[in-house]
Amino acid sequence: MDRRLFLGALAASAVMALTGGALIGDGFYTPPVIEPKSEGRPRFRPRPDPHASPVPKRFGAPHLTRVPLPGGGSLYGLPGDGNLLSLTVDDGNDSEVVALYAKFAADSGMRLTFFLNGIRPSWTDNAALLRPLVDSGQVQLGNHTWSHPSLTSLSDTDIVSQLTKNDNFIKTTYGVEAKPYYRPPFGYHNDHTDAVAAGIGYTQPVMWYGSLSDSGAITDQQMTGFVNKWLLPQHIVIGHANFATVTRHYDEIVQVIRDRGLQPITLDDVFLRR
């Protein structure tokens, strides 16, 4: 097991534990302690274009040679030692927050991967804002199930239904394919649920290597702390479009990324789909 990845995943779990249960719907849940699979982080990385300029004031598409997905296991971070950052955004409980994320991306060139729940009206309400960003490849969409249940508590039939219904919503609303990327709600999955998902084309679970911990409400001070702690090279960072706090920190997010010389990417910027 890669020691750096193990420590990163362990630290992420500790941070979430310190913030307590995050509010989802009408109740609380305790985020799981997530251990990396034994294969650890892959040892290859995309090759940057040597003639590419540094990260500009407005972020643009990276110049990368895409690589195959590693095959088997979950993605916790990006491969190799580079300057890439994958900011991923889940759920979409608040339509205004989704709208402001879309504006943030349009204004800054920020590249984002949304793992959406189609049951949330925000993804229909803001489709006109998001579609041009999705069409250009600046924003990527992944499957987070239709209504955010724990996959490990469902029958095989219900797992398939959750992923398929959301898959159909993404295709119908945005005209794009989310496969093979999906994020299990709460991070709850196992070999069996992974096999069921893979059977319908969702072969790549996407986890994270750092969290803004904003699935529930947090303070501005906490958000600043998580932004500074986790926006680091080769990290997949998870945030949520559920509460307004993050919308007050977009300039801060951009500044931290620029100060650290990071290049925002979508998963499709880095990997070839299987």
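Observations on the structure shown:
- Those residues of the stretch 94-134 which are assigned to a loop (DSSP other than H, G, I, E, B), within 21 Å of Gly60 (Cβ to Cβ) and out of contact with any Gly (no Cβ under 9 Å at 6 or more places or on another chain), in sequence order: Met110
- Taking residues in the stretch 56-67 that are more than 13 Å from Thr266 (Cα to Cα), and partners anywhere that are at pLDDT 95 or above and not β-branched (Val, Ile, Thr), the pairs with Cβ atoms closer than 6 Å and at least 6 places apart or on different chains are Arg58/Gly109.
- Leu129 falls short on exactly one of the conditions (1) buried (at least 21 other Cβ atoms within 10 Å of the Cβ); (2) under 28 Å from Gln255 (Cβ atoms), and that condition is (1).
- The stretch 212-250, subset part of a strand (DSSP E or B) and out of contact with any Lys or Arg (no Cβ under 9 Å at 6 or more places or on another chain), residue farthest from Leu87 (Cα to Cα): His240
- Scanning the stretch 144-195 for residues that are within 18 Å of the chain's Cα centre (by Cα) and of a type in the set (S, T, N, Q) yields a total of 4.
- Residues within the stretch 67-93 that are assigned to a strand (DSSP E or B) and under 11 Å from the mean Cα position of the chain (by Cα), tallied: 9
- Qualifying residue in the stretch 80-93 (condition: surrounded by fewer than 22 Cβ atoms within 10 Å (Cβ to Cβ) and within 23 Å of Ala244 (Cβ to Cβ)): yes
Table: residues versus (1) under 30 Å from Gly201 (Cβ atoms); (2) of a type outside the set (Val, Ile, Thr); (3) free of Cβ contacts under 8 Å to residues at least 60 places away in the same chain.
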| position | (1), (2), (3) |
| --- | --- |
| Gln222 | no, yes, no |
| His235 | yes, yes, no |
| Gln255 | no, yes, yes |
| Gly261 | no, yes, no |
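The values are calculated or read from the model by the stated rules, or taken from the named source; none is laboratory data. Predicted model, so just to flag it, every value in this text is computed and none were measured. Heads up, the Cβs are rebuilt from the backbone with ideal geometry, glycines too, and the neighbour counts pull from every protein chain shown.
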